[in-house]
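Have a look at the structure below before the remarks.
Values in this text are rule-based calculations from the coordinates and carry no lab data. Model, not experiment: these values are computed from the prediction. For neighbour counting, all protein chains shown are included, and Cβ atoms are generated from backbone atoms with ideal geometry for every residue, glycine included.
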Amino acid sequence: MTSGLGRWILVLGTAMTVSCSSTPTLQDHPEYDRLQGEIERVCDYVRNTSGAELYSHLKRLVAYDVFAVDQVMEMADDPNARLRCNAIWVLAQVRDPKFPDVERRIYRTLRNGLDDGDRLVRFEAASGLVGRNSWDVIPVLFEGMEDADPSVRFNCHETLKLATSKDFGYLVDAPANERSEALRRWERWFDDWDLSEG
């Protein structure tokens, strides 16, 4: 015969086993369908807006977190490079360890972005990966630091500064020869880091 306390432990142990064995899915969320409708509308806005309004819509997609991943991944395959770049940026912001399958899909999409024919998509993918501690892609950001567009140089350098807490005297608006010298310092640091990690 089991005592009252023993029965409670047995019941509690059984309940914990059942709850731990089932992994929640996004579709289990009671608001899943409604959220997908909202996300679809925001994705349509992203396709048709620019400037500050576009940024606002991208931030909304980030706020939907893992619920937006499927629809944003569709944009990551769009023929329009602007949409691919925006999708990569959104995906890089989404992180939820409770959904490791989603995390793996995002990681693969960011990796695939490194092979994109558009340089901005490649730079955005590299930024997202560096933000996830995949420092092997840092040389892609070095390429961006040599870009003719100062905003591209700025974004690539900011990613590196945030990830490494270094700047090596690189200034986005410095003359080309000074930027090149600072970039060589970055490359030497990376070569040393890469050797120490390998």
Tabulate in residue order the Karplus-calculated ³J(HN,Hα) for region 141-151, using 6.51 cos²θ - 1.76 cosθ + 1.60 with θ = phi - 60°, rounded to whole Hz; enter x for Gly and Pro.
5, 4, 4, x, 6, 9, 5, 5, 7, x, 5
Please report Arg60, Arg41 as a ranked list, fewest other C-beta atoms within 10 angstrom at the top and most at the bottom.
Arg41, Arg60
Expressed in angstrom, Rg and Dmax over the Cα atoms of the chain are 22.1, 85
State the dimensionless ratio Rg/Rh of region 114-198 (Rg: radius of gyration of Cα atoms; Rh: Kirkwood radius).
0.94
What does the charge count near Ala126 come to, summing +1 for each Lys or Arg and -1 for each Asp or Glu among other residues with Cβ under 13 Å from its Cβ?
-4
Suppose a student asked you for the relative contact order of region 114-198, using Cα pairs under 8 Å spaced at least 6 residues apart; what percent would you report?
21 percent
Using alpha carbon positions and the Kirkwood radius, the Rg to Rh ratio of region 29-113 is 0.95
Going by alpha carbons, how many degrees (0 to 90, nearest 10) lie between the helix axis of 100-113 and the longest principal axis of the chain?
20 degrees
On a 0 to 90° scale, report how tilted helix 4-21 is relative to the longest principal axis of the chain, with both axes built from alpha carbons and the result rounded to the nearest 10.
40 degrees
Enumerate the lysines that Lys98 could reach by cross-link, defined here as Cα to Cα under 26 Å, with residues fewer than 8 away along the same chain left out.
Lys59
How compact and how long is region 141-189, expressed as Rg and Dmax of its alpha-carbon atoms in Å?
9.4, 25
Less than 13 Å Cβ to Cβ from Ala182, Lys/Arg counted +1 and Asp/Glu -1: what total charge do the surrounding residues give?
+1
With -39,500 (n - 2.57) per DSSP H segment of 4 or more residues and division by the full residue count of the chain, the 222 nm estimate, nearest 500 deg cm²/dmol, is -23000 deg cm²/dmol
Can you return the aspartates and glutamates within cross-link range of Lys161? Criterion is Cα-Cα under 18 Å, with same-chain partners fewer than 8 residues away left out.
Glu124, Asp136, Glu143, Glu146, Asp147, Asp173, Glu178, Glu181, Glu187, Asp191, Asp192, Asp194
Along the charge dipole of region 29-113, pointing to its positive end and built from +1/-1 on Cβ of Lys, Arg, Asp and Glu, which listed residue (Ile88, Val66, Val42) has its Cα farthest out?
Ile88
Using a 10 Å cut-off on Cβ atoms, rank the peptides 172-179, 96-103, 69-76, 43-50 from the highest mean neighbour count down.
69-76, 43-50, 96-103, 172-179
Does anyone have the angle between helix 81-93 and the longest principal axis of the chain? Alpha-carbon axes, 0 to 90°, nearest 10?
50 degrees
